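J.: Sending over a structure as structure tokens; questions will come in a sec.
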Amino acid sequence: MTIAQTISAATSARSLRVGVIGTGMIGRDHTRRLAQVLAGATVAGLYDYSAEAAAAVQAELAPDAAVFATGEALIASPEVDAVLVTSPGFTHEAYVLAAIAAGKPCFCEKPLATTAEGARRIVEAEAAHGTRLVQVGFMRRYDAGYRMLKEVVDSRIGQPLMVHAAHRNPSVPDQYVTPMAIHDTLIHEIDVFRWLLDDDYVSAQVIFPRKSSNAHDKVADPQIVLLETAKGIRIDVEVFVNCRYGYDIQCQVVGEDGLANLPEPMSITMRKDAALSNPILTDWKDRFVASYDVELQDWIQAALAGTASGPSAWDGYAAAITSDACVAAQESGEIVRIDLPARPALYA
Ligand code: NAP
């Protein structure tokens, strides 16, 4: 379905009354999308640990929304049809489980849970419920460039053999430590490659090149993560979070019959002073801003039908297991096996 068809279908349906839990940076931005950009939804409820943060978002973006005293009260409210969880990662599991228990569709920003065990509990609860209710915020699957790349990988370059990728940030704050290169940064590659290649991981290894003098004491930077899939595809991802020059996402898939690259973001090519140049983005929010709109519109559409689409709780669980393996590989320097349990029929 095209975005226009999706919007038109959503417009003709009733409005989804969404409750937002966590009105910080991304919660505020998603509330803006629901209130001002997307079709088919209204913001009916807000909750934040900080009552001032919720009140500020209510005043600015959703004057008709009720501000709830707890996230649990928001989830239970008959005025709320569906729940958007944008609070910090450690709070996600409890809110998503409560939404499943209430039978309400739930969009959960990544991570689905901060432990693989927590993600497994969500998968089990949803499987027991019997229909999908959970979508995880892996927005790269909705990025136009990745979608073009997937179409080519699926049909034009033969069997994929290798992926060469990079995730580079200009710099990171002092509280960013080595495991965050996996949990906060690589997590998006972990999900998008499973989707791009229609495959699962079987092993991970992390190697550390010479450390950049721009990296602070508590982060080993750069890192190279090596992933192997069940089909035998080898993936190398450079994670370099103090690269200085910009926010740069690269992905090249090498197939039997050809090679495909993720398109660069659209930019002005300039000829000036005897130089040919293109600007490079510096903020991750600018790189994927359009994909957030598409992912939430897709969620609204599925939630109006009482279900979920896109990245599932199972995908969130697979990402959590893979992240844990990558962190274990960082610590040990060894190749770490990745064993996914049998996939429940709900996620076939
Ligand atoms: P943030 O700016 O810190 O916002 C989180 C908000 O939740 C804060 O207002 C915080 O209040 C509040 N909060 C804390 N504990 C809570 C609780 N128990 N219940 C409800 N609200 C609570 O964080 P953020 O950057 O928006 O990130 C939120 C989540 O989105 C994270 O899981 C993050 O990984 C994810 N995220 C995903 C993407 C993506 O690309 N998909 C991008 C950004 C963020 P206090 O400040 O008072 O603690």
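J.: Considering only S203, S50, S277, give the residue with the highest GNM mean-square fluctuation for the chain, with springs between Cα atoms whenever their separation is below 10 Å.
T.: Sorting by GNM fluctuation, first place goes to S277.
J.: Highest first, please rank the peptides 169-178, 15-24, 287-296 by the mean number of other Cβ atoms sitting within 10 Å of their residues.
T.: Highest to lowest by the protection proxy: 15-24, 287-296, 169-178.
J.: Provide the packing ranking of 87-94, 237-244, i.e. peptides ordered by the mean count of other C-beta atoms within 10 Å per residue, highest first.
T.: Result, highest mean Cβ count within 10 Å first: 237-244, 87-94.
J.: Same structure again: In deg cm²/dmol and to the nearest 500, what is the mean residue ellipticity at 222 nm of the chain if only DSSP H runs of at least 4 residues count, each as -39500 (n - 2.57), divided by the residue total?
T.: So the helix-based figure for the chain works out to -10500 deg cm²/dmol.
J.: Helix 187-197 versus the longest principal axis of the chain: what angle, 0 to 90°, nearest 10, using Cα atoms?
T.: Here the helix axis deviates by roughly 80 degrees.
J.: Assigning unit charges at the beta carbon (Lys, Arg +1; Asp, Glu -1) and nothing else, what dipole magnitude in debye, to the nearest 20, does region 194-292 show about its Cα centre?
T.: Dipole about the Cα centre, nearest 20: 420 debye.
J.: Cα gyration tensor of region 192-245, axes a ≥ b ≥ c as square roots of the eigenvalues: rounded (a/c below 1.5), prolate (a/b > b/c) or oblate?
T.: It is prolate, given that a/c is not under 1.5 and a/b is the larger ratio.
J.: Enter the angle in degrees (range 0 to 90, nearest 10) between the Cα long axis of helix 289-304 and the first principal axis of the Cα atoms of the chain, meaning the one along which they spread out most.
T.: Between helix and principal axis, roughly 40 degrees.
J.: To the nearest 0.05, how large is the calculated FRET efficiency for N261 and V289 if R₀ is 25 Å and r is the Cβ-Cβ distance?
T.: Computed FRET efficiency for N261 and V289 comes out at 0.75.
J.: Within 10 Å of each candidate Cβ there may be at most 11 other Cβ atoms; applying that plus a DSSP loop requirement, which trypsin sites (Lys or Arg not before Pro) in region 110-154 survive?
T.: Counting only loop positions with at most 11 other Cβ atoms within 10 Å, none of the trypsin sites (Lys or Arg not before Pro) in region 110-154 qualifies.
J.: Expected output is a single nm value to one decimal: the length gained when fully extending between K211 and V37, i.e. 0.36 nm times separation in residues minus the C-alpha distance. What is it?
T.: 58.3 nm
J.: Which of Q223, P179, F193 sits closest to the plus end of the dipole of region 158-251, meaning its Cα is farthest towards the positive end, when Lys and Arg get +1 and Asp and Glu get -1 on the C-beta?
T.: Positive-end residue among those listed: Q223.
J.: Next question. Among the lysines, which fall within straight-line cross-link reach of K218, defined as a Cα-Cα distance under 24 Å, with same-chain neighbours fewer than 8 residues apart omitted?
T.: K110
J.: Only Lys, Arg, Asp and Glu count, each charged at its Cβ (+1, +1, -1, -1), so figure out the dipole size of region 280-324 about its Cα centre, rounded to 20 debye.
T.: Computed charge dipole of region 280-324: roughly 20 debye.
J.: Do any chymotrypsin sites (Phe, Trp or Tyr not before Pro) in region 307-348 lie in a loop, going by DSSP, with at most 15 other beta-carbon atoms within 10 Å of their beta carbon, and if so which?
T.: Answer in residue order: no site qualifies.
J.: Given the peptides 189-198, 213-222, 227-236, arrange them by the average over their residues of other C-beta atoms within 10 Å, most packed first.
T.: Highest mean packing first, the order is 189-198, 227-236, 213-222.
J.: Pairs of alpha-carbon atoms within less than 8 angstrom and 6+ residues apart define the contacts here; what relative contact order does region 103-145 have, in percent?
T.: 56 percent
J.: For the chain, what's the radius of gyration and Dmax over Cα atoms, in angstrom?
T.: Considering the chain through its Cα atoms, Rg and Dmax are 20.5, 65 Å.
J.: A further question on this structure: Under 8 Å for C-alpha pairs, at least 6 residues apart: give me the relative contact order for the chain, rounded to a whole percent.
T.: 20 percent
J.: Springs between alpha-carbon atoms under 10 Å, Gaussian network over the chain: tell me which of A44, A125, A303 tops the mean-square fluctuations.
T.: A125
J.: Right, here's the next one. I'd like the orientation of helix 144-155 relative to the chain: the angle between its Cα long axis and the longest Cα principal axis, in ° from 0 to 90, rounded to 10.
T.: Roughly 60 degrees, rounded to the nearest 10.
Values quoted throughout were computed directly from the atomic coordinates according to the rules given, and no laboratory measurement underlies them. Everything numeric in this text was worked out from a predicted model, so none of it was measured. Neighbour counts run over all protein chains shown; Cβ positions are idealised from the backbone, glycine included.
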